[in-house]
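**Q** Below are the structure tokens for one structure; questions will follow.
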Amino acid sequence: MGSDLKNLSTLPKEIYKKYYKKGSKAYEILLLHSRCVATLAVAIADRHPEWELDREFLYEAAMLHDIGVICTDAPSIGCTGDAPYIMHGVLGADLLRKEGLMRHALVCERHTGVGLTLQEIIQRQLPLPAREMVPISLEEQIVCYADCFYSKSGDLMEQKTTERILQGLRKRSEDDAVKFLVWHKLFGE
Ligand SMILES: [Fe+2]
């Protein structure tokens, strides 16, 4: 933490304004959550200048990764759309593609959990398009990793411990926990 997010792009705020009512519950939760994820993502980039990451893009994508939740049925976070919550990544990606933000859209669609494989989408019969939704670029992986540390319920700003994250991931899949651990070696402090 501690990286300076000042003077970064205002693009996320412009997109938020279009789709969220300022001051609404959804707006407040999303903005706070996304700021936590963006702060951690940018801090990782700042620790690794040798990776030559696109810092501005990383910030924007982290701020926008959950933009699609507004289309989903998640009243606890102020979202009253029709779609199941698991669709928030692809719906956010559709929305960002309409805005011409193709790279940001990929971060959206590839950030659920530690990414969703085509096999998992088919086996679990998830209501998602049948394609790989696994983060590929370093920026995509960093947003996905950083997002694991923050919840959208309870204390939004509390950073989860790696043990707690692993516990959650293991409930569904040991492979997911291993993937997180590999990221943690790469991106952790
Ligand atoms: Fe998130």
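The values are calculated or read from the model by the stated rules, or taken from the named source; none is laboratory data. The structure displayed is predicted, hence computed values, not measured ones. Here Cβ is always computed from backbone atoms with ideal geometry, including for glycine, and neighbour counts include all displayed protein chains.
**Q** Right, Gly154: within 16 Å of the ligand (Cβ to nearest atom) and on the phi > 0 side of the Ramachandran plot or not? Can you show your working first?
**A** Working: within 16 Å of the ligand (Cβ to nearest atom): yes; on the phi > 0 side of the Ramachandran plot: yes.
Yes; evaluated as a whole, the condition is true for this residue.
**Q** From the list Met87, Met102, Met157, Met133, pick out the single residue that is modelled with pLDDT under 95 and not small (Gly, Ala, Ser).
**A** Met157
**Q** Here is a further query. Applying the selection to the stretch 55-70, what residues are within 15 Å of the ligand (Cβ to nearest atom) and outside any loop (DSSP other than H, G, I, E, B)? Break it down stepwise before answering.
**A** Step one: list which residues in the stretch 55-70 are within 15 Å of the ligand (Cβ to nearest atom), which gives 58-70.
Residues satisfying the conditions are Leu58, Tyr59, Glu60, Ala61, Ala62, Met63, Leu64, Ile67, Gly68, Val69, Ile70.
Here's the yes/no breakdown for (1) of a type in the set (Gly, Ala, Ser); (2) closer than 24 Å to Gly154 by Cα; (3) within 15 Å of the ligand (Cβ to nearest atom); (4) not in a helix (DSSP H, G or I):
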residue	(1), (2), (3), (4)
Tyr16	no, yes, yes, no
Lys21	no, yes, no, yes
Leu30	no, yes, yes, no
Asp46	no, no, no, no
Leu53	no, no, no, yes
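**Q** Any chance you could count how many residues in the stretch 39-52 are touching a Leu at 6+ places or on another chain (Cβ under 8 Å), under 15 Å from Cys144 (Cα atoms) and in contact (Cβ under 8 Å) with a residue 40 or more places away in the chain?
**A** Count: 2.
**Q** Within the stretch 74-90, track down each residue that is farther than 11 Å from Lys25 by Cα, among the hydrophobic types (A, V, I, L, M, F, W, C) and part of a helix (DSSP H, G or I).
**A** Hits for the stretch 74-90 are Ile86, Met87, Val90.
**Q** OK, next. Looking only at the stretch 92-107, filter to residues that are farther than 14 Å from Tyr16 by Cβ and crowded, with 20+ Cβ neighbours inside 10 Å; which one of those is nearest to the ligand (Cβ to nearest atom)?
**A** Of all residues in the stretch 92-107, those farther than 14 Å from Tyr16 by Cβ come to 93-94, 97-98, 100, 102-103, 105-107.
Those left that are additionally crowded, with 20+ Cβ neighbours inside 10 Å: 93, 105-107.
Values: Ala93: 14, Ala105: 15, Leu106: 15, Val107: 11 Å.
Looking at residues that are farther than 14 Å from Tyr16 by Cβ and crowded, with 20+ Cβ neighbours inside 10 Å, I get Val107.
**Q** For the stretch 91-137, give me each residue that is over 14 Å from the mean Cα position of the chain (by Cα) and closer than 20 Å to Ile29 by Cβ.
**A** Scanning the stretch 91-137 gives a single hit, Leu95.
**Q** Sort out which residues of the stretch 71-91 are within 18 Å of Leu32 (Cβ to Cβ), buried (at least 17 other Cβ atoms within 10 Å of the Cβ) and away from the ligand (no atom under 14 Å from the Cβ), and write them in order of number.
**A** Hit for the stretch 71-91 is Gly78, nothing else.
**Q** Moving on. Identify the residue in the stretch 133-147 that is in contact with a strand residue (DSSP E or B) (Cβ under 8 Å, 6 or more places away or on another chain) and part of a loop (DSSP other than H, G, I, E, B) and, among all such residues, is nearest to the ligand (Cβ to nearest atom).
**A** Filtering the stretch 133-147 for residues that are in contact with a strand residue (DSSP E or B) (Cβ under 8 Å, 6 or more places away or on another chain) and part of a loop (DSSP other than H, G, I, E, B), the one nearest to the ligand (Cβ to nearest atom) comes out as Pro135.
**Q** If you check every pair at least six apart or on different chains, which have Cβ atoms under 7 Å apart with a residue in the stretch 141-152 that is touching a residue at least 24 places away in the same chain (Cβ under 8 Å) first and a residue that is within 8 Å of the ligand (Cβ to nearest atom) and of a type in the set (Val, Ile, Thr) second?
**A** These pairs meet every condition: Val143/Val37; Ala146/Val37; Asp147/Val37; Tyr150/Val37.
**Q** Right, next: Just wondering, is there one or more residues in the stretch 163-182 that are outside any helix (DSSP H, G or I) and within 16 Å of the ligand (Cβ to nearest atom)?
**A** The answer is no, given that none of the residues of the stretch 163-182 is outside any helix (DSSP H, G or I) and within 16 Å of the ligand (Cβ to nearest atom).
**Q** Which one is modelled with the lowest pLDDT among residues in the stretch 10-60 that are over 26 Å from Asp73 (Cα atoms), among the hydroxyl-bearing types (Ser, Thr, Tyr) and out of contact with any helix residue (DSSP H, G or I) (no Cβ under 8 Å at 6 or more places or on another chain)?
**A** Within the stretch 10-60, the match that is modelled with the lowest pLDDT is Thr10.
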